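To start, the structure itself, in structure tokens.
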Amino acid sequence: MAEILLSLTIIGVVAAITLPSLTGNINERTWNTQRKALYARMSQAIALMPALNGYGTLTAGNESTSAVDTAAETFVTEGLSKVLKINNICDSDHLEDCGIANQLTNLAGSTISTFPKTLVELNSMFNGTACDGAYSYSQLDTKAAAFETQNGESIVVYYNPNCVSDLDSTSTFYTQGKMCANFIYDLNGNKGPNTVGKDIGFMTAFYPADSIVVAPVPLMTNAGSAKQKDAGAFCQKQDSESRLPNREEAISMFYNKNLVGLTTGNLWTSSVISVENAWMQGLDSGYSWSRERSQSNPVRCVKR
């Protein structure tokens, strides 16, 4: 009997040690599968929409959040819901009714107490300011909306009804005007852990026609600083399944930098302009510009 009790005790201790790790691995695989499936559905839905701009009502000349603003909500009801199965739609004052949690943990481990309810709350660089002449942009601080899918995901939408095409292919430009819709998704509603990189992530739709949808999953920390030509190897060294983000993925990370925990500086992208130059993404202002690949800059990698 004593030997049996000792054996059971040992089994219990081993189970207590290994079970959390096994459960965590199962959750990670489940989230990865759900994330890829959601990205596939969203990409297909966006591709079926004739255009991504022009939805909703905004008070002319008024960019304040007190303006009549149905842009994001109308984008969902009149656009996205025509090509995607949606159960419930909520305005910015009732995000929790669509399963949005009151707070979340970003990739850096900091707590975000409430979901941002406007574009400027998402990222203060969406401030509607035109500056620097040829590199200026016009941005409306639209209110967010939310919806639930038939698969149980809760998604918050930040919408720019005046988004423009990718016209600046070789010169410096602000990236804010290129965004048509930015989505923050929660794969299991408010059940938890409500943590970026686990059940919470983001994706962005660019350009009103011939749209591109990206859903980068950044690693927790930078891979160091490197020349652009060497940056891919730095990603592989940090994680064998990671890579350097392309231009749109890096821009999406800028939009959602509070979720990632990014602060200041610049990031290399994998998008090459020429043998000598590649795209660099600024985190302070939203600039995207050409830079010599031989220069050393921070590297932030994303999962495949």
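The values are calculated or read from the model by the stated rules, or taken from the named source; none is laboratory data. Not measured: the values here are computed from a predicted model. For neighbour counting, all protein chains shown are included, and Cβ atoms are generated from backbone atoms with ideal geometry for every residue, glycine included.
Determine, yes or no, whether P116 is at pLDDT 90 or above and either in a helix (DSSP H, G or I) or under 27 Å from L262 (Cα atoms) (or both). Yes: the conditions hold for P116. Residue count for region 181-199 under the criterion of being within 11 Å of the chain's Cα centre (by Cα) and within 28 Å of T70 (Cα to Cα): the result is 6. Scanning region 250-268 for residues that are of a type in the set (A, V, I, L, M) and assigned to a helix (DSSP H, G or I), we see that the one that is surrounded by the most Cβ atoms within 10 Å (Cβ to Cβ) is A250. Could you please tell me which pairs satisfy a Cβ distance under 6 Å, a separation of 6+ or placement on different chains, a first residue in region 291-304 that is at positive phi, and a second residue that is exposed (fewer than 13 other Cβ atoms within 10 Å of the Cβ)? Note: no pairs meet the criteria. Here E153 meets the list (1) out of contact with any Phe, Trp or Tyr (no Cβ under 8 Å at 6 or more places or on another chain); (2) farther than 14 Å from N182 by Cα; (3) at pLDDT 95 or above almost entirely, failing just condition (1).
Matching residues to (1) assigned to a loop (DSSP other than H, G, I, E, B); (2) of a type outside the set (V, I, T); (3) assigned by TED's automatic domain parsing to the domain that holds L80; (4) on the phi > 0 side of the Ramachandran plot:
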| position | (1), (2), (3), (4) |
| --- | --- |
| S171 | yes, yes, yes, no |
| G177 | no, yes, yes, no |
| C180 | no, yes, yes, no |
| Y185 | no, yes, yes, no |
| G192 | yes, yes, yes, yes |
| K198 | yes, yes, yes, no |
| T204 | no, no, yes, no |
| P208 | yes, yes, yes, no |
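Could you tell me whether A209 is modelled with pLDDT under 95 and more than 23 Å from T111 (Cα to Cα)? Spelling it out, A209 is indeed modelled with pLDDT under 95 and more than 23 Å from T111 (Cα to Cα).
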